[in-house]
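To keep things clear, I will list the structure first and then write my remarks on it.
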Amino acid sequence: MFLMKLPNKIVSYKESMLYKLPIILGVLNKNRISISELYMKISMEFDNINEFIDALDCLFALGKIQYDEERDELINVI
């Protein structure tokens, strides 16, 4: 089940998913990169891999990233 942490009285903006989405997009920045390489570059920004996957799911659902199965890479489509 996908539960996105949004900022509120308990969860600060920096702890929320909204803060982490631009981090991923900044690394992609119209470049192609594998999911494992992306995670290695920004893993310190996430509490765990599940949070990272949730952020990828969110960006994919919003149409901001695509996954190229042939090359096994993520693409920023903004």
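Some points to look at:
- Trypsin sites (Lys or Arg not before Pro) restricted to the chain and DSSP loop, no more than 13 other C-beta within 10 Å: Lys9, Lys30, Arg71
- Dividing the helix sum by the residues of the chain, where each DSSP H run of 4 or more adds -39500 (n - 2.57), gives a mean residue ellipticity at 222 nm of -13000 deg cm²/dmol.
- For the chain, average projected area of the Cα convex hull in nm²: 5.2 nm²
- Ordering Asn48, Leu59, Asn8 by Cα displacement along the dipole of the chain toward the positive end leaves Asn8 in first place; charges were set at the Cβ atoms of Lys, Arg (+1) and Asp, Glu (-1).
- Accessible surface of the chain, 1.4 Å probe: 54 percent of it comes from carbon and sulfur atoms.
- Spacing of the modelled spin labels on Glu51 and Asn29, each 7 Å from Cα toward Cβ, amounts to 2.3 nm.
- Count of lysine pairs in the chain with Cα separation under 14 Å (8 or more residues apart, or interchain): 5
- Summed over the residues of the chain and divided among them, the accessible surface reaches 69 Å² per residue at a probe radius of 1.4 Å.
- For segment 29-39, the Karplus equation 6.51 cos²θ - 1.76 cosθ + 1.60, evaluated at θ = phi - 60°, returns couplings of 5, 6, 9, 9, 8, 6, 4, 5, 5, 4, 4 Hz by residue, with Gly and Pro reported as x.
- Longest segment of the chain lacking GluC sites (Glu not before Pro) that sit in a DSSP loop with at most 16 other Cβ atoms within 10 Å: 1-68
The values are calculated or read from the model by the stated rules, or taken from the named source; none is laboratory data. A quick note: this is a predicted structure, and the numbers were derived from the prediction, not measured. Heads up, the Cβs are rebuilt from the backbone with ideal geometry, glycines too, and the neighbour counts pull from every protein chain shown. Note: areas computed on protein heavy atoms with side chains; ligands, DNA, RNA excluded. Shrake-Rupley method; radii C 1.70, N 1.55, O 1.52, S 1.80 Å.
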